[in-house]
Structures are given as C-alpha cells and as structure tokens.
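First up is the structure itself, then whatever we jot down about it.
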Amino acid sequence: MTAAEPALDNGPAFDLAHYVRTESDGERALDLMVEGVHCGGCIAKIEGSLRKLPGVTEARLNFTTRRLRLRWRGEQEQGSALLERLQGLGYRAIPYDPTQLGAADRGEAKALLKAMAVAGFAAGNIMLLSVSVWAGHAQGMDETTRTFLHWVSALIALPTLVYAGRPFFASALGALKAGHTNMDVPISLAVILTAGMSLFETIRSGPHVYFDSAVMLLFFLLIGRYLDRRARSRARSAAERLIALAGSAVTRLTADGGREVVPPESIRLGDRVLVAPGERIGVDGRILEGRSEVDGSLITGESLPQPVGPGERVYAGTLNQSAALHLEVTAVGDETLLAEIVRLMEVAEQRKARYVEVAERIARLYAPAVHALAAATFLGWVLLSSLAWQEALLIAVAVLIITCPCALGLAVPAVQVLASGRLMRGGVLLKSASALERLARVDAVVFDKTGTLTLGRPELISRASDDPADLRLAAGLTATSRHPLARALCQALPEAPAMADVREVPGRGLAWEGPDGEVRLGSRDWCGGSADGEASGPELWLAKPGAAPLRFGFADTPRPDAAETVARLEAMGLEITMLSGDRAAVAEPLAAALGIESVLADCRPEDKVAVLERMAEQGHRVVMVGDGLNDAPALAAALVSVSPASAADISQSAADAVFQGDALMPVAELLALARRAERLVRQNFGLSFAYNVITVPLAVAGFVTPLIAAVSMSASSLLVVGNALRLGGGGRGGRGGPAR
C-alpha cells in the first residue's frame, strides 16, 4: 500500500465464521477484499503463497475488484490460517464489500490527485527559478544570488518530494522488503539522490542543482498513476452494476398470507415471493401462480419479452412486465444466474490482468540492470580514476536519470492519448488504456445481433391485408401498450385514434370488445393464426369476428452501414462471426443479408463465453461487439470488446470502447486506427532504444552531467511525443487512412 492510499477501514475484528460458506461439494469458501494490490506481482505473490497451504483448492485474486476467492477442504477454522498468511505477506483484508471498496478507491484517487496538484504547482515555480539561474550563468550572476535562488528552490522542492513522492517511495520500499525490485525503485532512488546531491550542492554554493528535474519527473509519473487508477475504477464498475441489479428489496409472502419487504440476503430457498408488474426480479425462482411477460434480454439475449406461466423458471435481474407473479425461490445470492454472470466477468477480467503481470516482469529485469549500471559507474570512477566520490556520485546519478524510462513509458501513452482524442471526435470513446494495443492484434470479430448489427428497434415490414382499415384498427389497439411490437405497429400509423377499453391479457396480447364481438391482437396461438411453419421473425396476429386472422410481420432494422462495415472488416483480413440469443429463424436471414457466413443462434451468456474461449484455443484473437447484459461476460472474456452507446450500462462498463450513433462503421475505423497506432508505438520503442544506446555510454563515460541528463531525458520524451503527434490529424477515426 502506498502512503497516498488510505487504508480500508477494518473496524473491529470481524467474525470469520460468519463469512465462511460451505459449498455443495463440501468445500469451504470465503470472499475477501484485499488492500494494497497494485500489480501482477502482488497477485502472483498472494495466490502462490496461499495455494501452498494444505487443503487449499483455489486462491484467485481479481486485479480490478481486489476480490480474493478462497476455497479449501477442511474445517471452517482453517480460514483463520489463510487470513494470517495473507497478513504475514503485508496485505490486510476484510469481507468482500463492493460499497466499501468504492469508497476506498475514491479516497486513493483523491490522494493521488492532491499529490499531482502539489507536484505540478511546485514544478512550475521551480522551473521559473531555474530559468533565472540558467540565464544568470550567461549574464554573470554572482554566487550569492545564485545560491539564494537555489535555496528557494530547495525550500519548494524538498517538502514537495516528501509529499508527492510517497506513492513511489512506499511502493519501492515494499518491493525491497519483499526481496524484489520494481520500476518504482530506480525512480525513487534517482529522485532521492538527485534531491540529496542538489541539497549538497546548494549547501556548498555549487553552480548546478537539479530540483526541477526531480519534481517534474514526479509530476508526470503521478499523472500516469492517477489515470491508471481511474481506468481500474471504470473496469470494476461493471461487476458492481451487475450486483446492483439484484440488490433491490424482495416481497416475501408469509405463512399467514401476509407480505413483508425484505433485503435479498434474507430470502431462503423455498420461500414464496411476490413480483409486481414493472418490478425487477431479485431471485431465481419457479412460477407458482400468474402469467406475465418477462424481459429477459439482459440474461438470455432474446430481443423480445417472453411469455411465462406456472412451472417456468425466471431469473434474478430480469424484468416482470405485465402481471403479478408468485414465485418459489430456487436460488439466491451467489447461486443465482446473475451471480454466475458476475463470476464469469471476474474470471475473464483476471485474464486481462496478465498483461500487467508481463509488464511487471519486464520491470523486474529492467530495474536491477539500471541499479547495477549506476553502481558500477560509481565504483569504476572512484576506483579507477582520481575523481572525488562526490563527482563520481554525480556521474552515477546522471546514469540513473538518463536511463529513467520516461521515453519508454511515454511510447504507448502518447499514442493512446492522441488516438483517444481522434476517436472521440469520430464518436468513439476509448475506455481501456490497453485497448488499442489489443485491437491491433485481433484477427476475428464476433458480433451480437440485436442492438449491435441491428438498431434494436422493431419495424413493421409486412401485413397480410391491403385494407388500410385493418392497419388502422391494429394501430388503434396498440396506442397505450408498452410492448415493443405494439409500439412499432402504432408508429406505423401514428394518426390512428386510440381505442377505448382495450385490455391487456398477460402473455397473450390485447383484446377489445367491438360491435361485432371480441377483437384480438397478439400471439399466433391466441389469435388462431396459421400453424404452418415457424415464424420467420417477430409477429403479431389480428383476429376479427368472422374473418381469417391477419399477420403483421416485423424486423429489427439493420444498422444502415452494417453490410458495408462487414465487407470492410473482411477486406482487412478479419474473420466475422455472429452470436445471437435469438432463434436461428431470426438470426440467419439477417446474417445472410449482411454477408456473414458464420452464425450461432440461441446462445446464452455462458455459450458466448465458451465460443470465445474455443476460438482463443484455436489461436484467434477476438474482438467482441455487443450491447446487452447477456453480452457482458463475453465482452470481458474477449481479447478486446466494443459496445454501442445505446447498450445497457453494464455492457458499456465491461467494454473497452463505446461508439455513438446508428452507424456501425466506427468499429472498422477503430480497428484500422489501432493498427496504425501500433506501428507508431513500435517506432517509439525504437526511438527509446536508440536514445539509450547513444546516451547511456556517454553518461557512464562522464560526459553527461545530471543537468544534461535531465535535458536529454526530456528531449527523448519530446521526440516520442512528436512522433505520436503524427496520429493526431484527421477527423473521424480514419476512414481508410489508418488502414494503410
């Protein structure tokens, strides 16, 4: 844990026995929220140590949510040993609580923002003093004035370094205590030595101090750490919003026929609950009484509300639309389908954390090399030359500064910032710091159907009667209905007068008593429609007394440029697949019209994740484009994910990028721009490598002072940023341009 991060409030010692669960297979399970997790190295350290304990079958720590899931065989009391081992590693933990986690994250972000503001303010003022000193060197400034300006710089810089450098100093100290190094170690060492030597030079009225370099370095590093914190908070919000869907109160029916409103955690298996119309279902259950329509698009992916009745299953997170339902509870809490979706997301996000782990491995190799080089430089000059140790130490500090990986650190962020701005102007919001890197590597695109390839708005496309009176009658019946197909029918003839006394029959449709008898508008079976074949798409039937039922056919309109986008993606060498929760009779005709050959229909959330995992095993690097809650686990499981702005909030949270408007082309433009950005990143890495090849030998040879080292380091950063600026031209995300 860094000093800039407030500790989680453990409060009084909690009763561990209250939080240990016994799973169906007899194993014990415990979910904890861990404090102080910063990188893949922390994850590997915690998981590796806990898995070595006897009886432990699972120890999985999620990087974004900090949720540690433990499973073991044995007694409940063994959880205390696991907690003690975790505390022995230097990490504190409390029972998992997303609300408290969010509060801790806000505190951490606020602390980092304060440190960044202090460092930025101090850097600006010290730079003004430094400019005065530099000008004085050329214009004959006397030693007294120069020393005075150095002391003023010291009075600003030293408290700033103590306050703003705490995140890096604490991280470096923690790494050293654990017996390894990270990227914060050379940064901290360079800052401390630079400040120390600058203070020494100030005391002896030396000509050069380097307070400006130390403070500016901290300022830019704090910007990066703050942005990383914000990105992690956004990633975590996806799981938090999922959990919130099942967090509403539940109406339980008591044995004496009464009702009581209780929180979901108070519900037990076998309880009877009442779900009112318009209420979101908070448990998994089996319907005992009532018929209604349930909007299950968030879970099943089916684009239309589905009729349900006694004996059928309904799930937490779905929306009851038209009539009250009495349910027998079959699953609550972590056993619901919604909780399973949360687990799928967390497992998938854990895979993404491996990128961070790879970066940390590189840092562990880079940092010792820098330290060894600086130490060897110092010893070499002391032992093999007549230089005083102070001058040798200055050369070693110059090596630490000039090898500081600022240009290397900017190689990716500089391109990402410019690419993000360009994409934003084109209506695409890039949410993940590593999304561009992953987008550049994809070779396959998987699309959801409803709301992604289509607009998610059904439209009337056919009717069995040419008589305008039939459409007028049907539109009048639907004037007050909230059903998606009813609204589409009403919009087809908005001037039709609303019919009075229309009643809604749950799970069936609409009925109205006309002069000649009952008129019905609804499902095929209820209205007596033809039984020949399966419906080719969404439909409503109109039944009038003494007349054959009439069919109204609907289709979810494809996005206007969907076919063009698919063609362009194929021209880029990408393999296209459609995964849909809709029936094959609905999904396959749309895929054929758009030129998509690979189609999988009737897919539940776990099916989509399984398909993506299978594609990954086959060597494919997949981008998932989807819009519903049922797509959220797949979005998290894919290498990279994209959602339209019209998507459910949870899918937008899980996605790495969000595009606006009715056009689908931003997906192709995003992929094309990512490929160009990848080329610029590689060029930046090449420039950074060339900088080190040229400047490091000069620094070791003593031709570079800390001041020149700081200027060189800044120049290398500017060179990298200048190369990245080549990406900034243009308006939209590069229609055609970025693909070259």
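Work out how much length residue 679 to residue 113 would gain on full extension: take 0.36 nm times their residue separation and subtract the Cα-Cα distance, in nm to one decimal.
So the extension gain works out to 200.5 nm.
Debye calculation, C-alpha points only, no solvent: report log10 I(q)/I(0) for the stretch 456-558 at q = 0.15, 0.19 Å⁻¹, in the same order as the q values.
Computed log10 I(q)/I(0) values: -0.54, -0.90.
Mind ranking 446-452, 520-526 by how tightly packed they are, going by the mean number of other C-beta atoms within 10 angstrom, highest first?
Listed from highest to lowest mean packing, they are 446-452, 520-526.
According to a simple spin-label model (label point 7 Å from Cα along Cα-to-Cβ), what is the distance in nm between residue 703 and residue 585?
The modelled label-to-label distance comes out at 8.0 nm.
Of the listed pairs 52/608; 45/110; 110/449; 110/431; 52/114; 114/177, which have alpha-carbon separations greater than 30 Å here?
Beyond 30 Å: 52/608; 110/449; 52/114.
Can you tell me how much longer the chain between residue 31 and residue 151 gets when fully stretched, taken as 0.36 nm per residue apart minus their C-alpha distance, in nm with one decimal?
37.9 nm
What lysines could a cross-link reach from residue 544, if we take a straight Cα to Cα line under 30 Å and drop same-chain neighbours fewer than 8 places away?
Here the lysines satisfying the reach criterion relative to residue 544 do not exist.
Mind ranking 311-323, 372-384 by how tightly packed they are, going by the mean number of other C-beta atoms within 10 angstrom, highest first?
Descending packing order for the listed peptides: 311-323, 372-384.
Calculate, in nm to one decimal, what residue 503 and residue 616 gain on full extension: separation in residues at 0.36 nm each, minus their alpha carbon distance.
Length difference between fully extended and current span is 35.6 nm.
Between residue 547 and residue 725, with labels modelled 7 Å along Cα→Cβ, what's the label distance in nm to one decimal, could you check?
So the label points at residue 547 and residue 725 sit 7.1 nm apart.
Highest mean first, what order results for 684-693, 275-284 on Cβ atoms within 10 Å?
Final packing ranking: 275-284, 684-693.
Laboratory data are not the source of any read-out in this text; all were calculated from the coordinates shown. Just so you know, these numbers come straight off a predicted model, no measurement behind them. With ideal geometry, Cβ positions are generated from the backbone for all residues, glycine too; neighbour counts draw on all protein chains shown.
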